[in-house]
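Encoded as structure tokens, the structure appears first; notes follow it.
The values are calculated or read from the model by the stated rules, or taken from the named source; none is laboratory data. Just so you know, these numbers come straight off a predicted model, no measurement behind them. Note that each Cβ is placed from the backbone with ideal geometry, even for glycine, and that neighbours are counted across all protein chains shown. We work out accessible area using only protein heavy atoms, side chains counted, and drop any ligands, DNA or RNA first. Shrake-Rupley method; radii C 1.70, N 1.55, O 1.52, S 1.80 Å.
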Amino acid sequence: MQSLWMLFASFMFAIMGVCVKLASGLYSTSEIVMYRGMVGMTVMCCTILYQGGSFRTRMPGAHLWRGVVGVVALWLWFYAISILPLATAMTLNYMAPIWIALILLCSGWWYSKNSVEWPLMAAIGMSFVGVTLLLQPAFQSEQMSGALTALVSGMLSALAYLQVRKLGLLGEPEYRVVFYFSVVNFLAGLLGNVASAGLGPVVWHAHSSVYGAALLLGIGLCATMAQMAMTRAYRLGKTLVVANLQYTGIVFSSVWGVLIFGDVFGWHGWAGIGVILASGLAATYYNTRSTQRGAAPVRTDPIASEV
């Protein structure tokens, strides 16, 4: 039953995506990133103080590197959500485990003298077939830039997760990783909004209604709850079950996209989502089939963008 925490995490990430898409019509991406960091930073600070944790870290450089890579990935992802159908943006970002698998595959090939893991190679190849199907309409539309942005976001998310894994193996607690990531989110959003103004006045969109403020609060709270639920799922649940349940986020996002935004996909779009989903499940199974519950998830591939 502990594995079902991942189901809750995926649902919260999908809700966060809905809030980001709605908020993008009222605020800039920089502002959304800033407020997401502000809410997460506040929640995690209160949590750490309540639990008697410590803010002190021996690895400030590693946290900074994780934060910079992670916030760029998050920034690109939020921008992609604002201009793409929700399911498309979410699915392309959920390619992070595939990118991780590709990195691990290349690393294994290099260090084991040309040894190739063909099942993993097949899963990776099929995932890119799925990307081609999913993006077929974008090749003839103004959405191509958004599609490429989402793909790059997934790649950077993979790098961010590898850094998170490194921090975990070095003994850094998850709450501290999440807290400092939220701090970098806040500072990056703040500086990004100032820099975007150039020599002109900085534009801060007013909270003209409770609706806009509620969306920003929802983004931060959903992201933070999802992070904590995902952490609990991997710590207490069965690794393989948890790793597979993460992909329900694609299903949730597809449903919300159709119900709220009226997203319409042709057969190739749904086929692309299905192929990417199946490929991700196959890659995750291959990477986690021997990992036991409670063991360090050395090759587990959780969604990286909000870890």
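Here are the numbers for the structure shown:
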quantity: Inter-residue pairs, beta-carbon under 7 Å, first among the polar types (S, T, N, Q) and in segment 158-180, second buried (at least 20 other Cβ atoms within 10 Å of the Cβ), 6+ apart; calculated: GLN163/ARG66; GLN163/VAL69
quantity: Qualifying residues in segment 163-173 (those that are crowded, with 19+ Cβ neighbours inside 10 Å and part of a helix (DSSP H, G or I)) - the one modelled with the highest pLDDT; calculated: LEU167
quantity: Residue check for ALA138: modelled with pLDDT under 70 and closer than 19 Å to SER24 by Cβ; calculated: yes
quantity: THR88 among the β-branched types (Val, Ile, Thr) and farther than 19 Å from SER253 by Cα; calculated: no
quantity: Neighbours by Cβ (under 7 Å, 6+ apart or cross-chain): first from segment 50-67, within 10 Å of LEU167 (Cα to Cα); second open to solvent by less than 30 Å² (accessible area, probe 1.4 Å) and not in a helix (DSSP H, G or I); calculated: MET59/GLU172
quantity: Entirely in segment 1-91, the helices (runs of 4 or more DSSP H) that have 3 or more residues that are over 27 Å from LEU277 (Cβ atoms) and open to solvent by 10 Å² or more (accessible area, probe 1.4 Å); calculated: 29-51, 60-83
quantity: Unmet criterion (only one of (1) at pLDDT 75 or above; (2) among the β-branched types (Val, Ile, Thr); (3) part of a loop (DSSP other than H, G, I, E, B)) for VAL202; calculated: (1)
quantity: Yes/no for LEU156 being in a helix (DSSP H, G or I), more than 30 Å from CYS45 (Cα to Cα), modelled with pLDDT of 70 or more and open to solvent by 20 Å² or more (accessible area, probe 1.4 Å); calculated: no
quantity: All positions within segment 221-258 that are within 26 Å of ARG176 (Cα to Cα), at pLDDT 70 or above and buried (at least 24 other Cβ atoms within 10 Å of the Cβ); calculated: CYS222, ALA223, ALA226, GLN227, MET230, ALA233, GLN246, GLY249
